[in-house]
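Structure first, then comments.
The values are calculated or read from the model by the stated rules, or taken from the named source; none is laboratory data. Since the model is a prediction, treat every value here as computed from it, not as a measurement. As a convention, Cβ positions derive from the backbone with ideal geometry for all residues, glycine included, and neighbour counts pool all protein chains shown. Side chains included, ligands, DNA and RNA excluded: accessible areas come from the protein's heavy atoms. Shrake-Rupley method; radii C 1.70, N 1.55, O 1.52, S 1.80 Å.
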Amino acid sequence: MSDELKARIDRLEQELQQERVQIESLANLLEKSNNQVFTFYHISKTIASTNDFHEMIHLIMVTLKKSIPFDRVSLYLADDSRQKLMLTYYSGFEITDKTSIGIGEGLPGRIVEIGEHSHIHDLSLFYETFNDFIHVPGEEKRDGSYIGVALKSRNTTVGMIGIDCREKHGLSVDDMDFMALTSHQISIGIEKASLFMKTEQLSRLDGLTGLYNHRVFDETLEQEVSKRNRTGKPLSLIMLDIDHFKQFNDNFGHQEGDAILKELAIVIRGQCRHTTMDACFRYGGEEFSVILPELDLGIALKIADRMRKVVENYPFRIKAKHPGTALTISLGVAELSGSDDVKPEELLKKADEALYASKRNGRNRVSVNPSIAL
């Protein structure tokens, strides 16, 4: 074989090798593009298919991880006051308590404060320069790369997502661009789920008093009775209403009546374990109820009598506007006892009977079932 022919073959092999490299590069680029299209599509599909906030965020992060090689992720959202950022979702690290940070605190806080994305190729340099956290205060500082994107809704930054991996330059500019692109989708999804959550919550509350409504009372009572039937732990129920409430409406008008109901709701909440176990409800009209899990009749009776006394002495607005006006309540208390399984209606009936007994005996009284009047 001549030298000239051999040289031509070598050149062809070099050209073929270059073509193979280009084809491989294009194939990788096409594969990455396909993955990104797949990710973008499935994020959209997830947002459209669920209104559950936590389920939606989890599925989005699982989908994102198929396109971007991150190890840890954190999602912060601003609270209603826009004073704090709440850690709403995280993966890849452990925390023991609920975490919140101030806007401007740490890298997540600065991203929200400024409203700009952040891309760090070498975290070791970041820690040397800022000595700050990228996910949570007190986190393990480690080498790697990081991307943080601001989440915006109607030109307002509402939160951020931060991801990192252990490799320096492991998160590329393309990854950054793709995260920025998906952040718009995720923001829309978060807004949709949050609005649904608020709507669902409002549908469970009485619009005037802010207490749970009758529908939620029925649901909760059924759950608590079922729990009591399984565990055998006591369950008590207080039913109460305002004495001669119709006279307040007739004499002073419905606006004053509404003000009384609002203030009474505040008093009821203050006398119960409202933030932990007890649940307070506006049962209907001027009638309220309190479900007391794991409290027997004796303790429930003491709570009811304390509530009666507090209401009697409470400085309701109507008392200041109309001196000499008395405002009192009557209460009925009942407990499920014994080992037999019972239905929610039985407990409600016992409490109602006790309430009616109180009103028969005169206003501003507490009665229990079996019949005892205070």
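A few comments on the model shown:
- Yes/no for residue 348 being surrounded by 14 or more Cβ atoms within 10 Å (Cβ to Cβ), touching a Leu at 6+ places or on another chain (Cβ under 8 Å) and closer than 30 Å to residue 202 by Cβ: yes
- Selection status of residue 88, over 19 Å from the mean Cα position of the chain (by Cα), over 15 Å from residue 147 (Cβ atoms) and open to solvent by 10 Å² or more (accessible area, probe 1.4 Å): no
- The strands (runs of 3 or more DSSP E) falling completely within segment 90-174 that include 3 or more residues that are closer than 18 Å to residue 76 by Cβ and of a type outside the set (Gly, Ala, Ser) map to 145-153, 156-165.
- Yes/no for residue 208 being open to solvent by less than 70 Å² (accessible area, probe 1.4 Å) and assigned to a loop (DSSP other than H, G, I, E, B): yes
- Residues satisfying the stated conditions in segment 70-85, i.e. in contact with a strand residue (DSSP E or B) (Cβ under 8 Å, 6 or more places away or on another chain) and surrounded by fewer than 17 Cβ atoms within 10 Å (Cβ to Cβ): 71, 79, 83, 84
- Selection count where residues are open to solvent by less than 30 Å² (accessible area, probe 1.4 Å) and either β-branched (Val, Ile, Thr) or touching a helix residue (DSSP H, G or I) at 6+ places or on another chain (Cβ under 9 Å) (or both), scope segment 107-138: 10
Residue by residue, here is whether (1) open to solvent by 30 Å² or more (accessible area, probe 1.4 Å); (2) modelled with pLDDT of 90 or more holds:
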{"residue": "274", "(1), (2)": "yes, no"}
{"residue": "285", "(1), (2)": "yes, yes"}
{"residue": "358", "(1), (2)": "no, no"}
{"residue": "371", "(1), (2)": "yes, no"}
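- Residue count for segment 139-160, restricted to those that are more than 17 Å from residue 90 (Cα to Cα), open to solvent by 30 Å² or more (accessible area, probe 1.4 Å) and out of contact with any Lys or Arg (no Cβ under 7 Å at 6 or more places or on another chain): 4
- Residue list for segment 280-305, restricted to those being among the small types (Gly, Ala, Ser) and either in contact with a Pro (Cβ under 8 Å, 6 or more places away or on another chain) or in a loop (DSSP other than H, G, I, E, B) (or both): 285
- Residue list for segment 271-308, filter: free of Cβ contacts under 8 Å to residues at least 40 places away in the same chain and of a type outside the set (A, V, I, L, M, F, W, C): 271, 273, 274, 275, 276, 278, 298, 302, 306
- Among all positions in segment 17-37, there is at least one residue which is within 30 Å of residue 194 (Cα to Cα), modelled with pLDDT under 80 and not β-branched (Val, Ile, Thr).
- Filter pass, residue 268 being modelled with pLDDT of 90 or more and farther than 23 Å from residue 348 by Cα: no
- Residues considered: 68, 101. Of these, the only one that is closer than 20 Å to residue 183 by Cα and either modelled with pLDDT of 90 or more or more than 20 Å from the chain's Cα centre (by Cα) (or both) is 68.
- Qualifying positions in segment 304-344 - open to solvent by 80 Å² or more (accessible area, probe 1.4 Å) and under 19 Å from residue 241 (Cβ atoms): 306, 309, 313
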